[in-house]
1. Identify, please: which residue in the range 134-158 is crowded, with 17+ Cβ neighbours inside 10 Å and of a type in the set (A, V, I, L, M, F, W, C) and is, among those, nearest to V439 (Cα to Cα)?
2. Within the range 221-238, take every residue that is part of a helix (DSSP H, G or I) and in contact with a Lys or Arg (Cβ under 6 Å, 6 or more places away or on another chain) and give me the one that is surrounded by the fewest Cβ atoms within 10 Å (Cβ to Cβ).
3. Please count how many residues of the range 398-431 are among the hydroxyl-bearing types (S, T, Y) and in contact (Cβ under 8 Å) with a residue 24 or more places away in the chain.
4. Using beta carbons and a limit of 8 Å, which pairs, at least six apart or on different chains, have the first residue in the range 157-174 and within 15 Å of T431 (Cα to Cα) and of a type in the set (D, E, K, R) and the second one surrounded by fewer than 19 Cβ atoms within 10 Å (Cβ to Cβ) and modelled with pLDDT under 95?
5. Return a yes/no flag: does the range 84-102 have any residue that is modelled with pLDDT of 95 or more and touching a His at 6+ places or on another chain (Cβ under 7 Å).
6. Among the residues of the range 270-289, write down those that are of a type in the set (G, A, S) and not in a helix (DSSP H, G or I).
7. So is I339 β-branched (V, I, T) and closer than 30 Å to L400 by Cβ or not?
8. Scan the range 44-89 for residues that are acidic (D, E) and touching a residue at least 12 places away in the same chain (Cβ under 8 Å) and jot them down.
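The values are calculated or read from the model by the stated rules, or taken from the named source; none is laboratory data. As the structure is a computational prediction, the values presented were derived from the model and not from experiment. Cβ atoms come from the backbone with ideal geometry, glycine included; neighbour counts cover every protein chain shown.
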Amino acid sequence: MQGARWEYLDLAMERYALSPMRELWTLETQYNRWLEVELAALRALESVEVVPQGTAEAVRTKASVDVDRLLAMEKEVGHDLVAFLWVVEEQVGPEARWVHYGLTSSDVKDTALALVLRDAVGILQEKANALQEELRSFARRYRRTPIVGRTHGQWAEPTTLGLKALSWLDMLTRAGERLAGARETVAVGKLAGAVGTYAYFPPEAEERALAELGLKACVPAGQVVPRDRHAEGVFAAAAAGTVVETIAFEIRHLSRTELGEVSEFRPEGSSAMPHKQNPILSERLCGLARLLRSCIVPALENIALWNERDMSHSSVERMMLPQTFTVADFMLTRGRGLISGLQVHEEEMRKRITAAQGLPFSEGLLLALVRAGMSRRAAHTRVRRLAMRAVAQGRDLSELAAEDPEVSSKLSAEERARIFRLSELLGKLDTNFKRTGLVE
């Protein structure tokens, strides 16, 4: 039974883990990165004449990752890094005595983790950039496609589908900037020995090893790389995923039967009700966003450790970090597919504007009365009364405005017609696209 439960968990992760993100979080990758760090450290120690020349090459040619043997050794000794060193010694022989010279476990683990996090955030950057390009194209294509705006779930004023997408693009651009900053923040290692004093591992050797690995040195050095760096990476990933959720949330709403303004490229049906066209991808993305954001709190709680370190963060990271970056990667990838395949029903959008009985133009009527000399309070009261009558009687606000003596006495027929003209209301909308450089 226990094996069956773990198999189910493996299948759940398999459902959402995409390559190449998936491969970053395997045991093979973990051990290979440990070996990469140890070899870089050996080459640096050779360069400062602490260990014999040729040691690193001897280890490189003989050492290999044998996951089964490593796991068996860990079970025997009860320490994963010690088990790794013992297996390397089995494979390499006498030269292995120099492996891990002057280092502590966190030197190797945190530096190797920095390599993984750097690559993981880099993958998210690529996926975010691809989604940005999709949104740019979508926003341009539909920048003049009118749709009724909604606030509080109520009709607001007309806008365009392209402007919605432009807002998503703006959010995603900031998410991309956060990812870029996080990639710099997490790409930090340390090879300073126990509690970061460089007692047995020379600082100049650390500089050379980290430069070879493409990392910056953690300054000041300590026993571990501070976990606020990792938390920044988790937040950046979660924030990017939340932009995808924002898009999916809107698509779910616009896909409702009574709206039907958009639909997913491949909506999912029902086992019982053949007519159903469920926006299942959008719903899945919204659900995963909850899981993704749940990683932020443990990432923050990992920052405070006892003295120079304790182990309370380790078990959390083994679960939380793979989950964070795997889910964020899936969301950004599928979010792009959601936009690229979205079916836009422009006629339904226009029907909704017509069905709104002129109510989305109420502000224009209010302001026209103000310009004609009516106090704002009086104008607001009168337009609201007319709007409520329009709803109650099922009539258009423009008709009731024409019948109202005070309104018609202040506004000509042409002025009233202009208020309810869609092109008038959306005439300056391109300003948003020009300011963002999407159109000339």
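1. Filtering first and then ranking leaves A139.
2. My answer is A238.
3. First, the residues of the range 398-431 that are among the hydroxyl-bearing types (S, T, Y): 398, 408-409, 412, 423, 431.
Still in the running and in contact (Cβ under 8 Å) with a residue 24 or more places away in the chain: 398.
Final tally of qualifying residues: 1.
4. Listed pairs, sorted by first residue: D170/T436.
5. yes
6. Within the range 270-289, S270, S271, A272 meet the criteria.
7. The answer is no for I339.
8. Across the range 44-89, the qualifying residue is only D66.
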